[in-house]
Amino acid sequence: MGDGDNAGSGLAQYSDAAEVNSTARLGAVFNFGNEKNVQSRVGVSFISTEQACQNVNSQIPADTTLETLKTQTKDAWNAQVFSKVTTTNADVAKLQLLYSSLYHMHLIPTNKTGENPMWESSEPYYDDTFTLWDLVCTLKQIFGDTLC
């Protein structure tokens, strides 16, 4: 692992210690040699390494297969998003726009409950790095307004 400088000119090397503290931006470079199949689970937390491990273990348990994860994801999208939308339009381009717009609408905001590094709380906390203008444009595309 290494930290990238803000100019993006390279990575500094860290030791092979299990944990490293740094205030710099952090990145990682992996080399899997000739291995053709690599599986990975990634946990993210703004709080701690332990919280990142808890997050990944609660969201994607270690024994979860890729097929199971794909099935669960498809089922969740069908139940929580696509089942609430009906259309009689058969135009492939418009359907692609509809489904792409629905997908992008559900990316933001991100549920970061329990992940605010500034305070501890179990209250719902949603955040994102994008403006809501993206959401407005997506909704306008779905409903035919082309102001964006």
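Every read-out reported here was derived from the displayed coordinates using simple, explicitly stated rules and does not represent laboratory data. This is a predicted model, so every value here is computed, not measured. Virtual Cβ from ideal backbone geometry, glycine too; neighbours counted across all protein chains shown.
Here are a few things to note about the model shown:
- Residues of the stretch 21-70 classified as among the small types (Gly, Ala, Ser) and under 25 Å from Thr113 (Cβ atoms), total: 7
- Tally, over the stretch 73-122, of residues that are loosely packed, with under 10 Cβ neighbours inside 10 Å and among the basic types (Lys, Arg): 1
- Where helices (runs of 4 or more DSSP H) fall wholly inside the stretch 29-137, the ranges with 1 or more residues that are over 28 Å from Ala18 (Cβ atoms) and touching a helix residue (DSSP H, G or I) at 6+ places or on another chain (Cβ under 9 Å) are 66-80, 92-105.
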